[in-house]
1. Expressed as a whole number of Å, what is the distance separating the alpha-carbon centroids of the stretch B:247-261 and the stretch A:8-23?
2. Return the lysines within reach of A:K140: Cα separation strictly under 26 angstrom, same-chain partners fewer than 8 residues apart disregarded; answer none if there are no such residues.
3. Could you tell me which of rounded, prolate or oblate describes the stretch B:1-81, using a ≥ b ≥ c as the square roots of the eigenvalues of the alpha-carbon gyration tensor, with rounded for a/c under 1.5 and, failing that, prolate when a/b is larger than b/c and oblate otherwise?
4. Which semi-axis lengths, in whole Å and largest first, follow from the square roots of five times the eigenvalues of the Cα gyration tensor of the stretch B:5-323?
5. I'd like the orientation of helix A:20-30 relative to chain A: the angle between its Cα long axis and the longest Cα principal axis, in ° from 0 to 90, rounded to 10.
6. Restricting to Cα pairs below 8 Å that are 6+ residues apart, what does the relative contact order work out to for the stretch B:331-424? Please round to a whole percent.
7. Anyone know which of B:A65, B:A107, B:A132 comes out most mobile in the 10 Å Cα GNM of chain B?
8. What does the charge dipole of the stretch B:300-398 about its Cα centre add up to, to the nearest 20 debye, if the Cβ of each Lys and Arg holds +1 and the Cβ of each Asp and Glu holds -1?
Amino acid sequence: MSEEYIIKQLSIFSENKAGKLAAIAKIFLDAGISIQAFYIAEANNFGVVRAIVDKPEVAFEAFAKKNYVLKYTDVLAIKMNDVPGGLYEVVGLLGDLGINIEYSYGYRTKDYGALIAKVENPAEAVEKIKNSGLELLPAKDYNF
Amino acid sequence: MFWNEKMETLKGKDLKELQLKRLKATIKQTQNVGFYKQMFKEAGITPDDIKTLDDITKIPFTKKADLRGGYPFGFLAVPMNQINRIHTTSGTTGKPTVVAYTKNDLAAWTELLARNFTMVGIKAGDIFQNAANYSLFTGGLGIHMGAEAIGCAVVPSGVGNTKRQIEMIQDFGVTALHCTPSYAMHLTEVAEEMNADLSSLKIGCFGAEAWSDNTRRDLENRLGVKAYDSYGMSELFGPGVAFECQEQDGLHIWHDSYLVEIIDPKTGETLEAGEKGELVVTPLVKEAMPLLRYRTGDITMLMEDDCECGRGQKLARFFGRSDDMLTIRGINVFPSQIEHVLKNIPDVGDQFMVYIDRINHLDEMTIEVEMSKSVFSGELQDLSRLQTKIMKALQETLTIRARVELKEPGSLPRFEGKAKRVIDRRTV
């Protein structure tokens, strides 16, 4: 039910140094992975690379083999109208629904925008969002 | 100016005779210590075998690790009712080294400090601010006693609260200052920010860390003092073992009180004057805790030329440490302590690296550790929390703050044989 909307994001621990991101990108390349969405959270001297990719299991395996520390994180993707106020509409509603966004990032396609959100209880959030008028993008659009 | 001219300038045959007499007495005193009794037995020697100063090489070395093994009172050669003071040095895995003093020891130590201060021109009437740690660190009370003995007005300002320290120098008209060289640099910078007038200061005695001639120039120009290097260690009483004279070219070690050898730290072989090696000291006037051929771990050499001031043979300014002990802001830190702390935190691996830098004249320690795969949650705040946890644990054990950096598993260097986990990037 809610599973079809829960997207597997990769969270990869990374040191913050020159060439690090290139090394990570190379692993995606070598494993033949297509990246759908991508975001880096940075703290002092280290960061967490968050990536939504077409084949998460294959990517996970490729990174684990290279001794990276990584984890799956469940996230949701919510469609946004690509107009001024599109983001406000979505996050405003999420707020009204009492869904707290731990972190989020966005991207835009030709036709619409999308907000990737990490929330506390994804399954519960899915149920609330489904009845709210917001449109969740299905996981199969991301993880094949 | 001399405090005890006869002893300070004693040379040649007279010095050797005194040293031999005192060495024999010291050896006799060591036979009250189980460790030394056993050492002589195992080496197949008796105190009577030491007939000349050169015979000292028949005696094995004493190492810091031996002292730790005697914790707390295993090295005392006198009963506790003759002990007048106990200090400790910072320990490795939680266990410090205890050093103890009889009344005579404290008097002997005080005299050496009085000689040093007089040598650099400090005298009765000087206002002497001692910005050193006054608890178990020998640089607090030790320096204090010496300055009091020569009749200074001593300000026991201790460490920290730099602005207050500067106000005291100004308000009291302090003329002589003792602290670590890095703290002196810090004090200088804060004083400059405050636009404080420290022109009353004339003499600075700086020790407990190795420091460069560049720092000396900086301190002399900016703090307006003549800056003198002070050397000592708690096992040899504390500060005051060796000190620069007004020539500022090497340190006079007090040959009537310390028998000096310089050895190759690898082979133990005795080196000649002019050859750089590890300082090995046999204190000649210690009662409570006599030591024989104590390996200081400090690298220096005996200087060949006589000194203008008329005192005895000098040691070159110190080059560093032969073992892995670090002195960070005057506090001794061993890599083994860091290892011990990290081992108790399951969230990180066993591998680590330590980097020491000098930033704005203060020592900064950065410790790199590897994340353990199993604890990674994928969340940034959990990583920051882990970082803070490691920092707190290190601070608790080392008593100094260290920066902690999380690294990927397998990213830190692995070592075959002896690990080189410490990179000291301070330029001294």
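1. Comparing the Cα centres of the stretch A:8-23 and the stretch B:247-261, I get a distance of 56 Å.
2. Straight-distance partners of A:K140: A:K8, A:K26, A:K55, A:K65, A:K71, A:K79, A:K110, A:K118, A:K128, A:K130.
3. oblate
4. 34, 21, 18
5. Approximately 90 degrees, to the nearest ten.
6. The value is 35 percent.
7. Among B:A65, B:A107, B:A132, the largest GNM mean-square fluctuation belongs to B:A65.
8. The dipole magnitude comes to about 280 debye.
FYI, it's all coordinate maths here, none of it is from the lab. Everything numeric here is computed off the predicted structure, so don't read it as measured data. We place every Cβ from the backbone using ideal geometry, glycine too, and count neighbours over all the protein chains shown.
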